[in-house]
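Here's the structure, in structure tokens; my notes come after.
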Amino acid sequence: MVAAGGEITEIVYALEAGDRLVGVDTTSNYPAEVAALPKVGYVRALPVEGIMSLRPDVILLAGEAGPPQAVSQLQGLTQVESIDSRWSRAGLFARVDRIGEVLDHTDRAASLKQSLQHRFDQVDQRLPLAAPPRTLFLLSAGRRGTQVAGADTQAQALLDDLGLPNAAAGSGFKPVSAEALVALDPELIIVAETVPGSFHREDWPLLEQTRAARSGRVLVADAMLLLGFGPRMPQALNRVLDVVQGKGGGQ
């Protein structure tokens, strides 16, 4: 089995079926065991020959998997399952259900959903926030630079779940300058790193002028944790809330 999409891979492992994987995409960086598996490329640019060389009996694809021509070719060669891609708790539960069905582990899927619901309930005990801080969500994308997240993004979905207003206008991910960041003057800054250690705060000295930095409300964390909407979603929500509520976890 090949999984393309970090959240898909995490669910497979959470269902105790990681031993069935013969390959994963490059967004799959958790759990640690996944490092030993062959990488088949980026989820949006999947190589048909590379994947089929692993002789998978089934391929699990995240919603953003592509290009379409490659997905179509793979569908003609082996069993391909496109998994629900909604950026929400409901989407996560749907992904767990479908992958559980494909793996014939519906009992484990039910247990995982029960555990997740308990953890979400614990998150909800911390909500709603009395004074939700205006939040700027940055994506530190290595060589592609740093971008700000607007509407219609996974980042917006995360903010919506917690009732946090987005300080950025527009939609999608767009380049951002230090000067623009200061002008927005957010009360909370969340930085999602696609590559661990790719965001260097010292390269953004103007960031220290923001209310977020002055109050210690800057969170830097792994992008797949924050934006994957996989089994670690409750953990991601709690990480953000810890920084908002001054309970540590910031930078």
Checklist entry - What is the one condition in (1) part of a helix (DSSP H, G or I); (2) over 29 Å from residue 11 (Cβ atoms) that residue 159 does not satisfy? => result (2)
Checklist entry - In region 99-124, which residues are closer than 22 Å to residue 235 by Cα and in contact with an Asp or Glu (Cβ under 9 Å, 6 or more places away or on another chain)? => result 99, 100, 108, 109, 110, 113, 123
Item to check | Verdict on residue 44 being among the basic types (Lys, Arg), assigned to a helix (DSSP H, G or I), out of contact with any Lys or Arg (no Cβ under 9 Å at 6 or more places or on another chain) and not assigned by TED's automatic domain parsing to the domain that holds residue 168 | outcome: no
Checklist entry - Can you name every residue in region 158-197 that is within 18 Å of residue 224 (Cα to Cα) and surrounded by fewer than 18 Cβ atoms within 10 Å (Cβ to Cβ)? => result 160, 172, 195, 196, 197
Checklist outcome for this item: Note on region 3-19: residues in a helix (DSSP H, G or I), small (Gly, Ala, Ser) and within 16 Å of the chain's Cα centre (by Cα) are 6, 14
Checklist entry - Does residue 80 satisfy being at pLDDT 95 or above, closer than 30 Å to residue 245 by Cβ and either part of a loop (DSSP other than H, G, I, E, B) or not acidic (Asp, Glu) (or both)? => result no
Checklist entry - Is it the case that region 219-242 has a residue that's surrounded by 22 or more Cβ atoms within 10 Å (Cβ to Cβ) and either touching a Pro at 6+ places or on another chain (Cβ under 9 Å) or without any contact (Cβ under 8 Å) to a residue 24 or more places away in the chain (or both)? => result no
Checklist entry - Quick one: is residue 216 over 17 Å from the mean Cα position of the chain (by Cα) and either in the same structural domain as residue 10 (by TED's automatic domain parsing) or in a loop (DSSP other than H, G, I, E, B) (or both)? => result yes
Checklist entry - Counting just the residues of region 47-77 that are touching a strand residue (DSSP E or B) at 6+ places or on another chain (Cβ under 8 Å) and part of a loop (DSSP other than H, G, I, E, B), which one comes out modelled with the lowest pLDDT? => result 63
Next on the checklist: For region 38-94, which positions are among the aliphatic types (A, V, I, L, M), without any contact (Cβ under 8 Å) to a residue 24 or more places away in the chain, under 30 Å from residue 162 (Cβ atoms) and surrounded by 13 or more Cβ atoms within 10 Å (Cβ to Cβ)?
Outcome noted: 94
Checklist entry - Quick one: which of 192, 180 is outside any loop (DSSP other than H, G, I, E, B) and over 13 Å from the mean Cα position of the chain (by Cα)? => result 180
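The values are calculated or read from the model by the stated rules, or taken from the named source; none is laboratory data. Model, not experiment: these values are computed from the prediction. Positions of Cβ are generated from backbone atoms using ideal geometry, with glycine treated the same way; all protein chains shown enter the neighbour counts.
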